[in-house]
């Protein structure tokens with residue numbers, strides 16, 4: 001049984017985007033528009049080049065921001081404020097998911113490559129605020145992004161997460177490699193499964209998966 005394989009887990013780590021809300025909410029569509037505009041203004045390039053760099057830096061550095069910081073010495077603070085200034089009016093509260101999370105035993109945290117204030121807004125829009133013991137953004141990792149191992153080390157040290165007693169829920173498969181190496185249970189939350197050695201479980205329905213732990 002799934003539950004038996006998680007009997008040792010006392011730390012539950014959740015990614016935010018496309019994990020604690022469905023991809024159909026399409027928040028990242030808004031964020032990508034903001035990112036592209038910011039890159040255009042900061043680097044004085046046209047839209048096509050800004051889109052190319054945004055995608056390139058995401059692939060090569062883990063996040064667009066990481067690439068901008070490393071390649072162009074960009075100040076991350078105004079960037080994070082601007083790109084996360086998006087509408088969440090269309091998002092719906094999810095009492096079923098809230099109930100499942102609330103019944104998990106032990107510590108529960110959110111860890112996102114976005115900012116903690118942005119995460120707090122998303123959680124409120126989803127009716128998931130007040131359920132977590134901590135909310136950690138990329139700023140808590142010194143702006144090092146997942147999937148870098150050192151980013152996980154920094155956040156988990158601050159949060160008191162014991163990897164050998166933890167599980168990680170994440171939509172980006174790249175971001176499950178380090179948790180797997182650290183001894184965590186890894187759950188890929190996405191519409192389609194991916195056959196990869198560092199992914200132990202897959203679900204396209206987080207609420208239903210958490211039903212195992214009732």
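Every read-out reported here was derived from the displayed coordinates using simple, explicitly stated rules and does not represent laboratory data. Only a predicted model underlies this, so the values are computations on that prediction, with no experimental measurement involved. With ideal geometry, Cβ positions are generated from the backbone for all residues, glycine too; neighbour counts draw on all protein chains shown.
Of note:
- Summary value for region 27-83: 30 percent relative contact order, contacts being C-alpha pairs under 8 angstrom separated by 6+ residues.
- Ordered by the count of other Cβ atoms within 10 Å of each Cβ, fewest first, 16, 144 give 144, 16.
- In the elastic network of the chain, a GNM with C-alpha springs shorter than 10 Å, the most mobile of 15, 85, 204 is 85.
- Among 120, 170, sorting on how many other beta-carbon atoms sit within 10 Å of each Cβ, with the fewest leading, yields 120, 170.
- Highest-MSF residue in the chain out of 184, 80, 168 [GNM, Cα springs under 10 Å]: 80
- Largest-first principal axis extents of the Cα set of region 72-129 (Å): 44, 29, 12
- Per-q log10 I(q)/I(0), the chain, q = 0.13, 0.15, 0.18, 0.19 Å⁻¹ (Debye; single scatterer per alpha-carbon; no solvent): -0.72, -0.96, -1.37, -1.50
- Helix 27-43 and the longest principal axis of the C-alpha atoms of the chain enclose an angle of approximately 30°.
- Once C-alpha pairs closer than 8 Å and six or more residues apart are averaged by separation and normalised to the residue number of the chain, the relative contact order reads 24 percent.
- Most mobile listed residue (59, 126, 37) in the chain, GNM with C-alpha springs under 10 Å: 59
- Computed from Cα atoms, the angle from the helix 149-159 axis to the main principal axis of the chain rounds to 60 degrees.
- Between 0 and 90°, nearest 10: helix 47-61 axis offset from the chain longest Cα axis: 40
- Proxy reagent accessibility, fewest Cβ within 10 Å first, across 99, 7: 7, 99
- Solvent-free Debye calculation, one equal scatterer per alpha-carbon of region 27-83: log10 I(q)/I(0) at 0.15, 0.26, 0.29 Å⁻¹ equals -0.34, -1.13, -1.40.
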